[in-house]
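Below is one structure, written out as structure tokens; the observations come after it.
A short reminder: the numbers here are calculations on the coordinates, not readings from a lab. Not measured: the values here are computed from a predicted model. In this analysis, Cβ positions are derived from the backbone assuming ideal geometry, glycine residues included, and neighbour counts consider all displayed protein chains.
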Amino acid sequence: MCAVDADAQRDVTPGSGGSPIRVVIADDHDLYRRGMQVVVELDGRAQVVGEASNGAEAVEVCVRLHPDIVLMDVRMPGVGGIDACRRIRAAAPEARILMLTMSDDETDLFEAIKAGASGYLLKDLPGEEVADAISRVHDGQAIIPPGMAATLLVEFSRLSQASRSVDGATPPPQLTDREVEVLRLVARGLANREIADELVISENTVKNHVRNILEKLHLHSRVEAAVYAHRQHLLPTDE
């Protein structure tokens, strides 16, 4: 593992929040990590504060550094990216994880989202799209390749139906009216700042509502919350 010296990165242009987005890169290929560091920092909104060459190192680095975003390769030796995602979500829940992959394997997508990932990126994306995805996830959005979104919705619906057949008819958790409003806006893809503007409340209040929604619904990510909202017909039919 090669940890990046944070002191050497102080000249990075701050992001819109006043300070750079702190990023950890986890990938077993050194050249890819080097290239991704250039991509991340050339944009100016983020800086790389740490690296890892496998999932176990990624967990250790995140527990120690508490980054904002983790760029995580799906397939690494030893502890893989999806298992590491689960561990990081438990040990450093403030970190948002963007999974990186060479293929659009739908099974990996489902497992990554269930593990708590905030997004899923193909490695062949242009650098500016990767940088933009980092910023969007940091702002509270979820990133899913457009061609896979519909399939994801179908899969989570299937899993939900299977769960109900096993567990029986369990009443859904009771959300407050405000939480339902927030959930609808999450399902439309709005970031926390945009939801705050829409509802005329603070961004911190939105974050608290999203946290409560995920806890009540026993979900791991905004993507799962969006799927839940669609499945429960919480959005107007034209959406």
*For region 186-193, what does the Karplus curve 6.51 cos²θ - 1.76 cosθ + 1.60, with θ = phi - 60°, yield as ³J(HN,Hα) per residue in whole Hz, taken in order and with x for Gly and Pro?*
4, 5, 7, x, 6, 7, 4, 5
*Rotationally averaged projected area of region 6-139 (alpha carbon convex hull; nm²)*: 7.2 nm²
*Which of the lysines could a cross-linker span from Lys207 if the Cα-Cα distance has to be under 22 Å and same-chain partners fewer than 8 positions apart are dropped?*
Lys114, Lys216
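Which order do Tyr228, Tyr120 fall in if you start with the one that has the fewest other Cβ atoms within 10 Å? Mind showing how you got there, number by number?
Numbers: Tyr228 22, Tyr120 25.
Lowest count first: Tyr228, Tyr120.
How high is the relative contact order of region 6-139? Use alpha-carbon pairs under 8 Å, at least six apart in sequence, and give a whole percent. Mind dumping the intermediate values first?
Details: 254 pairs, mean separation 29.7, N = 134.
Taking the mean separation of contacting Cα pairs over the length of region 6-139, I get 22 percent.
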*Using the number of other C-beta atoms within 10 angstrom as an exposure proxy, rank His233, His220, His29 with the fewest first.*
His233, His29, His220
*Determine ³J(HN,Hα), in whole Hz, for all residues of region 223-229 in sequence, where each value follows from phi through the Karplus function 6.51 cos²θ - 1.76 cosθ + 1.60 and θ = phi - 60°; x replaces Gly and Pro.*
4, 4, 5, 5, 4, 4, 4
*Provide the net charge surrounding Ile69, with neighbours chosen by a C-beta distance below 15 Å and charges set as Lys +1, Arg +1, Asp -1, Glu -1.*
-3
*Residue by residue, what Karplus-based ³J(HN,Hα) values in Hz, rounded to whole numbers, does region 52-66 have, using 6.51, -1.76 and 1.60 with θ = phi - 60° and x for Gly and Pro?*
8, 9, 7, x, 5, 5, 4, 4, 4, 5, 5, 5, 7, 9, 6
